[in-house]
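J.: After the structure tokens below, expect a handful of questions from me.
Bear in mind that the values in this text are calculations on the coordinates, not laboratory data. Keep in mind the model is a prediction, meaning the values are calculated, not measured. Here Cβ is always computed from backbone atoms with ideal geometry, including for glycine, and neighbour counts include all displayed protein chains.
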């Protein structure tokens with residue numbers, strides 16, 4: 001082991017002697033007495049501070065409570081194109097719901113930044129700003145959501161132009177069977193030749209098709225969804241559906257996969273797609289604990305394989321169950337969403353005024369869990385806001401429809 005490695009490891013372990021870390025452990029896992037509005041506003045404040053910390057219009061990837069060995073720093077990590085992209089619709093939703101024009105300006109700053117950092121090929125880079133730009137299929141799909149929403153809000157063609165260029169890149173990289181095997185990102189595992197959770201990229205392509213009327217994107221989206229359904233077992237579980245370990249997929253990527261199929265099904269009015277997504281969502285509903293939580297990973301029998309929670313995935317599943325309630329009116333989905341949201345509110349950082357913590361959601365619970373360990377992740381906060389706002393919407397309108 002060389003001196004540089006020893007230095008990095010030393011900084012990492014010494015950073016555990018951290019008052020904020022100890023306070024975070026002490027404060028978490030409590031039953032919240034605050035309103036859902038207060039939780040949402042605190043989470044939005046965290047996103048705003050993360051954008052300010054990025055300093056370029058994008059949103060800082062995370063706040064690392066301890067020294068991060070990969071990024072070689074603690075505190076705010078550089079702006080992250082992938083997740084900034086799908087944070088944009090969340091900010092527009094919040095701004096309209098709560099009448100916050102300043103948040104609209106922030107969303108457009110993010111969209112403009114995404115235009116500036118888009119690669120010449122139309123792709124979005126993997127990793128954070130500052131790392132060598134390499135194209136990433138999934139990341140490209142996620143930023144499309146932000147550009148499409150910015151176009152819908154403003155009518156400015158530059159946003160749809162960026163989305164179309166990104167969509168063309170995705171179609172060019174897609175194999176005939178509908179899978180993406182090229183340009184999967186240098187930051188994902190080489191154990192899998194494709195990632196089933198790219199159904200969320202297919203959903204993005206469908207959005208481009210609906211805005212432009214271009215059948216090219218529609219057909220590519222359908223090809224990928226059909227390919228993904230070939231990877232689904234009868235019990236709803238998907239093969240090759242993880243960032244790192246296909247034998248026990250992460251709840252985060254399981255939810256990505258389900259949502260992509262579900263929303264594409266809604267857009268094209270395919271009952272089969274909705275049904276296939278529902279099978280997986282129901283399997284996870286049966287695994288929900290009495291306190292509303294879920295395990296962070298599941299094997300092919302839908303058995304939990306880890307003792308920690310993946311909070312991003314829980315927030316995503318809350319959103320999926322809420323959507324299924326909108327589509328079906330079944331009260332079991334509404335109850336599951338409410339229980340998941342309440343569990344998440346109990347682990348939101350609200351007992352510390354620290355700007356990197358207040359309003360945030362950790363990668364895992366407990367914090368040392370093996371997803372986003374000791375970090376507040378911007379995408380965890382995004383999905384938390386989405387799920388809480390959906391609960392509010394359903395409380396106000398009941399079965400909302402599609």
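J.: Full extension from residue 245 to residue 370: what is 0.36 nm times the residue separation minus their Cα-Cα distance, to one decimal in nm? Kindly include the intermediate steps, with their values, before the conclusion.
T.: Values: separation 125, 0.36 × 125 = 45.00 nm, distance 1.23 nm.
So the extension gain works out to 43.8 nm.
J.: Given 0.36 nm per residue, what is the gain on full extension from residue 351 to residue 96 after removing their alpha carbon distance, in nm?
T.: On the way: separation 255, 0.36 × 255 = 91.80 nm, distance 2.80 nm.
Going from the current span to full extension adds 89.0 nm.
J.: In percent, how large is the relative contact order of the range 26-397, given Cα pairs closer than 8 Å and 6 or more residues apart?
T.: Working: 750 pairs, mean separation 64.3, N = 372.
Once normalised by length, the contact order is 17 percent.
J.: Before rounding to the nearest 500, sum -39500 (n - 2.57) across all DSSP H runs of length at least 4 in the chain and divide by the residue total; then give [θ] at 222 nm in deg cm²/dmol.
T.: Values: 14 runs with 226 residues, N = 402.
Value at 222 nm, helices only, nearest 500: -18500 deg cm²/dmol.
J.: According to the square roots a ≥ b ≥ c of the eigenvalues of the Cα gyration tensor, what is the shape class of the range 267-402, taking rounded for a/c under 1.5, prolate for a/b larger than b/c otherwise, and oblate for the remainder? List each step's numbers first, then the result.
T.: Working: a/c = 2.12, a/b = 1.38, b/c = 1.53.
Cα axes put the range 267-402 in the oblate bin.
J.: Just to verify a number: FRET efficiency for residue 269 and residue 105, C-beta to C-beta distance, R0 = 30 Å, to 0.05?
T.: On the way: r = 36 Å, r/R0 = 1.19.
Here the calculated transfer efficiency is 0.25.
J.: Take the alpha-carbon centre of the range 217-246, take the same for the range 352-402, and report the distance between them in whole Å.
T.: Cα centroid of the range 217-246 versus Cα centroid of the range 352-402: 26 Å apart.
J.: So, one more: Return the ratio Rg/(2.2 N^0.38 Å) for the chain, where Rg is computed over Cα atoms only.
T.: Normalised Rg, Cα atoms only: 0.92.
J.: Quick check on the range 197-278: what does the Kirkwood estimate of hydrodynamic radius come out to from the alpha carbon pairs, in Å?
T.: Working: mean 1/r = 0.0794 Å⁻¹.
With all distinct Cα pairs of the range 197-278 included, I get 12.6 Å.
J.: Only bridges with both residues in the range 26-397 count here: give the DSSP antiparallel percent, nearest 5. The partial results should precede the final answer.
T.: Details: 17 of 18 bridges.
Percent antiparallel among DSSP bridges in the range 26-397 is about 95.
J.: Name the shape class, rounded, prolate or oblate, that the alpha-carbon gyration tensor gives for the range 51-150, where a ≥ b ≥ c are the square roots of its eigenvalues, rounded holds for a/c under 1.5, and otherwise prolate holds if a/b is larger than b/c and oblate otherwise. Each step should come with its number before you reach the end.
T.: Numbers: a/c = 2.26, a/b = 1.24, b/c = 1.83.
Here the range 51-150 falls in the oblate category.
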